[in-house]
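To start, the structure under review is shown below, and the notes come after it.
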Amino acid sequence: MTRSIVVTGGGTGIGRATAARFAAAGESVTILGRRADVLARAAEQLGATAVVCDVSDPDALTAALGQLPAQVDVLVNNAGGNTDLRRPAATTLADVAAGWRANLDANLLSAVLTTTLLADRLQPGGTVVGIGSIAASRGSGGGSYGATKAALATWNIDLAGQLGPRDITANVVSCGYIAETEFFADQLTEQRRGTLIGQTSTGRAGTPDDVAALVEYLASPGARHITAQVININGGAFPTR
Ligand code: NDP
């Protein structure tokens, strides 16, 4: 039977690769994102449905509900990123507050709100997967990003407890450095990229499809006893700075 898959941030990077895997398997895929053009292009290429929506905005999500599937088997809370990389350095306390709120919105509230909105539509045998980060355990260079991803992982434990009786699993896939995405914008120097790759045992960056394959497994029948977990995918990157 065709399953219904919802991927937030499905227009680029890890979300797009995840949507592509499920679409290639013949599933019905809905992708969400803020940029209509990016989303429409991905949806057309993948044969998915595009829903333009800021998933950290409760009003926008509520307005989008009618465009979302009536039943959801797999929800991938992938939308997010380190908003510090796109902001000027904080010089006032107000800047600090704005930066923290932006990362909390992007990485924690986005997942909480999307899951809450769709909770009644999640189907038995289904799964919720959050995309976390190695920064949750080793920090993110002084910013708030790592803390917000840690919060995502802690919230997931409660989510798994709530959904378990309905035969729905919930896990977080915690990524190390994944190349070929828009995550770092233009902030990643070759030296830093070399450092990140040098921290792995595999000697390479992860790809979006590496992550997508793990998400696909977590949504498969063989993974039904895996829930409330953080599963690392980082090429063996040693979790220090
Ligand atoms: P991308 O920037 O390519 O993907 C992020 C996607 O999320 C974009 O398509 C963006 O689209 C969408 N998005 C962001 N905020 C919102 C929002 N509020 N509402 C709707 N859509 C949103 O980077 P990645 O693929 O790398 O990132 C995917 C996830 O992986 C993120 O959660 C990130 O934190 C995590 N991650 C990535 C790592 C890496 O090294 N790449 C490492 C660890 C974790 P749009 O701007 O159009 O809304």
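Against the main long axis of the alpha-carbon atoms of the chain, helix 36-46 sits at an angle near 60°. Among 140-153, 196-209, the peptide with the highest mean count of other Cβ atoms within 10 Å heads the list, and the full ranking is 140-153, 196-209.
Would you work out if region 95-142 is rounded, prolate or oblate? Take a ≥ b ≥ c from the square roots of the eigenvalues of the alpha-carbon gyration tensor; rounded if a/c is under 1.5, else prolate when a/b is larger than b/c, oblate otherwise. Taking the square roots of the gyration eigenvalues as a ≥ b ≥ c, region 95-142 is oblate.
Every helix of 4 or more DSSP H residues in the chain counts as -39500 (n - 2.57), and over all residues that averages to -11500 deg cm²/dmol at 222 nm.
Seen through its C-alpha gyration tensor, with square-root eigenvalues sorted a ≥ b ≥ c, region 4-233 comes out rounded because a/c lies under 1.5.
Over the chain, Cα pairs under 8 Å with separation of 6+ residues give a relative contact order of 20 percent. Could you tell me whether region 1-124 comes out rounded, prolate or oblate from its Cα gyration tensor? Rule is a ≥ b ≥ c as square roots of the eigenvalues, rounded for a/c under 1.5, then prolate if a/b exceeds b/c, otherwise oblate. Prolate, since a/c reaches 1.5 and a/b exceeds b/c.
Here, each number is a calculation from the coordinates, and none is a lab measurement. Keep in mind it's a predicted model, so treat the numbers as computed, not measured. Positions of Cβ are backbone-derived with ideal geometry, glycine not excepted, and every protein chain shown enters the neighbour counts.
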